[in-house]
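The values are calculated or read from the model by the stated rules, or taken from the named source; none is laboratory data. All values derive from a computational prediction rather than experimental measurement. Cβ coordinates were reconstructed from backbone atoms using ideal geometry, including for glycine residues, and neighbour counts include every protein chain displayed. What goes into the accessible areas is simple: the full protein's heavy atoms, side chains included, and nothing from ligands, DNA or RNA. Shrake-Rupley method; radii C 1.70, N 1.55, O 1.52, S 1.80 Å.
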Amino acid sequence: MIPVWKLNAAQVLGLACLGVWMGGRLKRLVPLLDRLNVPVPIAGGMVFALVSLALRGRVVNLEADTTLRDLLMVAFMTTIGLSARLQLVRAGGQGVIKLLGIATFGALLQNLLGMGLAKAMGLDARLGILAGSVALAGGPATSVAFGGTFEKLGVHGAAQPRRPPPLPPCQGPW
């Protein structure tokens, strides 16, 4: 039997701080990460994710309290946006304005397509927004963070990812 370590919110926050510190060290050791603009928390989080994956099912399974998850995901995405320097935006000039227009049009198309597909599958069309520009522009974690808000608006199942049913056991000769 593999033990399960349940991490409370304070321990998760402590691990997050350790991940930020580790990410900073990793970016100094691997300059390619800096050239590719990999955020420090992502670099550190990948180390934690790989270690957790290596331990899972072999040594120990980690189970994290998700109380702070939504707040920290929104804070992370906000700080990434705030890392843009005004001088870079100015240097971009008309190109930045064009990119904003294209991105806005793309987000609108993503939402229309998502809402249409959700309706076609008999789901609440607002789920298509979560699967559309919210997830594609902000990332899947942003959809998870806003899932609770959509649930409060009456979108059933928005806060919980849908898991497929387990596969039946293999009956073949292999």
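Taking only region 53-71 into account, find how many residues are surrounded by 14 or more Cβ atoms within 10 Å (Cβ to Cβ), part of a helix (DSSP H, G or I) and free of Cβ contacts under 8 Å to residues at least 60 places away in the same chain. Give the steps one after another, and end with the answer.
First pass over region 53-71, keeping only residues surrounded by 14 or more Cβ atoms within 10 Å (Cβ to Cβ): 55, 61-62, 64-65, 68-70.
Within this subset, residues satisfying the condition of being part of a helix (DSSP H, G or I) are 55, 69-70.
Now restrict to residues that are free of Cβ contacts under 8 Å to residues at least 60 places away in the same chain: 55.
Total satisfying the criteria: 1.
Answer yes or no: is there a residue in region 117-140 that is touching a residue at least 60 places away in the same chain (Cβ under 8 Å) and closer than 30 Å to Gln11 by Cβ. Don't jump to the end; show me each part of the working.
Here is the first cut: in region 117-140, the ones touching a residue at least 60 places away in the same chain (Cβ under 8 Å) are 138-139.
With the extra rule that they be closer than 30 Å to Gln11 by Cβ, the set shrinks to 138-139.
Looking through region 117-140, at least one residue is touching a residue at least 60 places away in the same chain (Cβ under 8 Å) and closer than 30 Å to Gln11 by Cβ.
Condition first: among the basic types (Lys, Arg), outside any loop (DSSP other than H, G, I, E, B) and open to solvent by less than 70 Å² (accessible area, probe 1.4 Å). Can you find one or more residues in region 29-52 that meet it?
First, pick out the residues of region 29-52 that are among the basic types (Lys, Arg): 35.
Checking the rest, the ones that are also outside any loop (DSSP other than H, G, I, E, B) come to 35.
Now restrict to residues that are open to solvent by less than 70 Å² (accessible area, probe 1.4 Å): none.
No, because not a single residue in region 29-52 is among the basic types (Lys, Arg), outside any loop (DSSP other than H, G, I, E, B) and open to solvent by less than 70 Å² (accessible area, probe 1.4 Å).
For region 79-108, taking the residues that are open to solvent by 70 Å² or more (accessible area, probe 1.4 Å) and closer than 22 Å to Ala145 by Cα, the one that is modelled with the highest pLDDT is identified as Leu108.
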